[in-house]
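Here's the structure, in structure tokens; my notes come after.
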Amino acid sequence: MNTKMLRAEEAAEAAALLRRGEIVGMPTETVYGLGGDAGNADAVRAIFAAKGRPADNPLIVHIADLRDWAPLVTEIPPLAKALARRFWPGPLTMILPRTDKVPEITAGGLDTVGVRFPAHPVAQEMIRLAGVPIAAPSGNRSGSPSPTTAAHMLADMDGRIPAIVDGGSCLCGVESTVISFDNGSTVRVLRPGFVTPEQLQTVAPNVIVDEAVLAQLTPGTVVRSPGMKYKHYAPKAEVMIVEGDTRHFIAYLLRKQAEGVYALVFDSDMEACDKAGILAVPYGDTDEQCAAEFFARLRELDDRGAKAIYVRAPRTDGVGLAVYNRLIRAAGFRVLHAG
Ligand code: AMP
Ligand code: MG
């Protein structure tokens, strides 16, 4: 199968494929998604197969009209409605008990479903023209960095899917914030994203960040978000987080110098890295820039033949939490201390 690259203006062609039960690459404001009719078990099976995704890792269902939410879930609590008013369309996924409109395979065998109303105009157009809710996980092969450009998605999916719609680079660069509800007033962040815990707090009386967001689950722990238990987002190179300031980071890296050793650093670290003769790639200065660039830089470093990538990690508040969450999984939870 040849994978066809479609322009944003050709989104209708992709929507026609979706209506026929085919699966296609879809730009969203978070990352590129691999979309298929959420109610069509064959389409969903094809998504799992193309990604090589474990069957117990549920797919997020995307809508482009608020009215399409109610049929998917047994009930929409007032807090969820309030969050939708504030954050939809946008990078927030809300998990609620599902109805049988959502096949078990789409939900990864769970009795809940995560629903999101994306803000990207091309994603919205594709969903509306398809006329059905669209299940779409990130468009990478399972375990790899998520694609933030159509070219990244093609690199993973060439020959596996009929088409990818090119909508340019993704604005957020990290996947949506995933939340569930502990009760009528408490929101639990299962996966951090561009909608931050601080922002959720402006609507929800209580916001809890699930312990699995930053910590490795110990065997036997109840997994609330199946995706969190897998090694994830990882390039071929070994990734390591190095804690410490720029000076200590550089001193540490100088001791690690060998072929294929790279540093992934903040823009403001570049001058010092250059002076020290350390091969470094910048991923921004603000949390938002780091989020937008993170996956792209990991792919770039793989292309350059990196064997080891030492990373200066952002702080764990705001959007920084979303970057740290991806980074610590890419690093297999290896955090080194530079002084
Ligand atoms: P991706 O499809 O690559 O964006 O990953 C979706 C993430 O959302 C995974 O980490 C899933 O485990 C999580 N997720 C989706 N649906 C649910 C659900 N019903 N319950 C818990 N986590 C979910
Ligand atoms: Mg993913």
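Among the residues of the stretch 138-169, write down those that are outside any helix (DSSP H, G or I), under 20 Å from ALA330 (Cα atoms) and either open to solvent by 10 Å² or more (accessible area, probe 1.4 Å) or basic (Lys, Arg) (or both).
Passing the criteria: SER138, ARG141, SER142, GLY143, SER144, THR149.
Exactly one condition in (1) at pLDDT 95 or above; (2) surrounded by fewer than 24 Cβ atoms within 10 Å (Cβ to Cβ); (3) not polar (S, T, N, Q) is false for ALA212; which is it?
(1)
Identify all residues within the stretch 1-15 that are open to solvent by 10 Å² or more (accessible area, probe 1.4 Å), in contact (Cβ under 8 Å) with a residue 24 or more places away in the chain and more than 16 Å from GLY159 (Cα to Cα); write none if there are none. It would help to see each step written out before you state the result.
Taking the stretch 1-15 first, the residues open to solvent by 10 Å² or more (accessible area, probe 1.4 Å) are 1-5, 7-10, 12-13.
Narrowing further to those that are in contact (Cβ under 8 Å) with a residue 24 or more places away in the chain: 1-5, 7-8, 10, 12-13.
Result: ARG7, ALA8, GLU10, ALA12, GLU13.
Checking the condition of a type outside the set (A, V, I, L, M), open to solvent by 40 Å² or more (accessible area, probe 1.4 Å) and touching a strand residue (DSSP E or B) at 6+ places or on another chain (Cβ under 7 Å), which residue from GLU243, GLU259, GLU293 passes?
Numbers: GLU259 fails: touching a strand residue (DSSP E or B) at 6+ places or on another chain (Cβ under 7 Å); GLU293 fails: touching a strand residue (DSSP E or B) at 6+ places or on another chain (Cβ under 7 Å).
Selected residue: GLU243, the only one of GLU243, GLU259, GLU293 that is of a type outside the set (A, V, I, L, M), open to solvent by 40 Å² or more (accessible area, probe 1.4 Å) and touching a strand residue (DSSP E or B) at 6+ places or on another chain (Cβ under 7 Å).
If I filter the stretch 43-57 down to residues being open to solvent by less than 30 Å² (accessible area, probe 1.4 Å) and within 14 Å of ligand 2 (Cβ to nearest atom), which single residue comes out as nearest to VAL178 (Cα to Cα)?
ASN57
Quick check on my filter: what residues within the stretch 58-72 are assigned to a loop (DSSP other than H, G, I, E, B) and either touching a Pro at 6+ places or on another chain (Cβ under 8 Å) or at pLDDT below 95 (or both)? Step through it out loud before you land on a result.
Keep residues of the stretch 58-72 that are assigned to a loop (DSSP other than H, G, I, E, B), which gives 58-59, 63-65, 69.
Correct list: PRO58, LEU59, ILE63, ALA64.
Could you list, ordered by first residue, the pairs with Cβ atoms under 9 Å in which the first is in the stretch 20-43 and within 11 Å of ligand 1 (Cβ to nearest atom) and the second is open to solvent by 10 Å² or more (accessible area, probe 1.4 Å) and among the aromatic types (Phe, Trp, Tyr), at least 6 apart or interchain?
THR30/PHE194
Tell me whether the stretch 70-81 contains one or more residues that are within 13 Å of ligand 1 (Cβ to nearest atom) and either touching a His at 6+ places or on another chain (Cβ under 8 Å) or in contact (Cβ under 8 Å) with a residue 40 or more places away in the chain (or both).
Within the stretch 70-81 (the criterion being within 13 Å of ligand 1 (Cβ to nearest atom) and either touching a His at 6+ places or on another chain (Cβ under 8 Å) or in contact (Cβ under 8 Å) with a residue 40 or more places away in the chain (or both)), the answer is yes, since at least one residue qualifies.
Can we say THR74 is surrounded by fewer than 14 Cβ atoms within 10 Å (Cβ to Cβ), touching a Ser or Thr at 6+ places or on another chain (Cβ under 8 Å) and polar (S, T, N, Q)? Quick ask: steps written out before the conclusion?
Working: surrounded by fewer than 14 Cβ atoms within 10 Å (Cβ to Cβ): yes; touching a Ser or Thr at 6+ places or on another chain (Cβ under 8 Å): yes; polar (S, T, N, Q): yes.
When the stated conditions are applied, THR74 passes them.
Can you go through ALA234, ALA263 and tell me which one is closer than 19 Å to LYS307 by Cα, in a loop (DSSP other than H, G, I, E, B) and among the aliphatic types (A, V, I, L, M)? Break it down into steps so the answer makes sense when it comes.
Working: ALA263 fails: in a loop (DSSP other than H, G, I, E, B).
ALA234 is the lone residue from the list that is closer than 19 Å to LYS307 by Cα, in a loop (DSSP other than H, G, I, E, B) and among the aliphatic types (A, V, I, L, M).
Filter the stretch 218-245 for residues that are within 16 Å of ligand 2 (Cβ to nearest atom) and modelled with pLDDT under 80; which is farthest from GLY260 (Cα to Cα)?
The initial filter retains those residues of the stretch 218-245 that are within 16 Å of ligand 2 (Cβ to nearest atom), namely 223, 225-235.
So of that shortlist, the ones also modelled with pLDDT under 80 come out as 223, 227-232.
Numbers: VAL223: 36, GLY227: 30, MET228: 29, LYS229: 29, TYR230: 26, LYS231: 22, HIS232: 22 Å.
Of everything passing the filter in the stretch 218-245, VAL223 is farthest from GLY260 (Cα to Cα).
Would you mind stating whether PRO97 is outside any loop (DSSP other than H, G, I, E, B) and either under 23 Å from ARG224 (Cα atoms) or open to solvent by less than 30 Å² (accessible area, probe 1.4 Å) (or both)?
yes
Here is a list: THR112, THR148, THR99. Which entry is within 12 Å of ligand 1 (Cβ to nearest atom) and in contact (Cβ under 8 Å) with a residue 24 or more places away in the chain?
Working: THR148 fails: within 12 Å of ligand 1 (Cβ to nearest atom); THR99 fails: within 12 Å of ligand 1 (Cβ to nearest atom).
The conditions single out THR112.
Somewhere in the stretch 275-286, is a residue open to solvent by 60 Å² or more (accessible area, probe 1.4 Å) and touching a Ser or Thr at 6+ places or on another chain (Cβ under 7 Å)?
The initial filter retains those residues of the stretch 275-286 that are open to solvent by 60 Å² or more (accessible area, probe 1.4 Å), namely 275, 279, 285-286.
The next check asks that each one be touching a Ser or Thr at 6+ places or on another chain (Cβ under 7 Å); those that pass are 285.
Yes - at least one qualifying residue is present in the stretch 275-286.
So, SER180, is that one surrounded by fewer than 24 Cβ atoms within 10 Å (Cβ to Cβ), within 16 Å of ligand 2 (Cβ to nearest atom) and either assigned to a strand (DSSP E or B) or touching a residue at least 40 places away in the same chain (Cβ under 8 Å) (or both) or not?
On the way: surrounded by fewer than 24 Cβ atoms within 10 Å (Cβ to Cβ): yes; within 16 Å of ligand 2 (Cβ to nearest atom): no; either assigned to a strand (DSSP E or B) or touching a residue at least 40 places away in the same chain (Cβ under 8 Å) (or both): yes.
No.
Just to check your reading of the model, which residue among ALA123, ALA107 is in a loop (DSSP other than H, G, I, E, B) and either in contact with a Pro (Cβ under 6 Å, 6 or more places away or on another chain) or within 18 Å of CYS170 (Cβ to Cβ) (or both)?
Values: ALA123 fails: in a loop (DSSP other than H, G, I, E, B).
Residue meeting the stated conditions: ALA107.
Go over the candidates GLU175, GLU198 one by one and state the one that is out of contact with any Cys (no Cβ under 6 Å at 6 or more places or on another chain), open to solvent by 60 Å² or more (accessible area, probe 1.4 Å) and touching a residue at least 40 places away in the same chain (Cβ under 8 Å). Reasoning before the result, please.
Details: GLU175 fails: open to solvent by 60 Å² or more (accessible area, probe 1.4 Å).
On inspection, the qualifying residue turns out to be GLU198.
The values are calculated or read from the model by the stated rules, or taken from the named source; none is laboratory data. As the structure is a prediction and not an experimental result, all values here were calculated from the model. Positions of Cβ are backbone-derived with ideal geometry, glycine not excepted, and every protein chain shown enters the neighbour counts. Quick note on the areas: whole protein, heavy atoms, side chains included, nothing else; ligands and nucleic acids left out. Shrake-Rupley method; radii C 1.70, N 1.55, O 1.52, S 1.80 Å.
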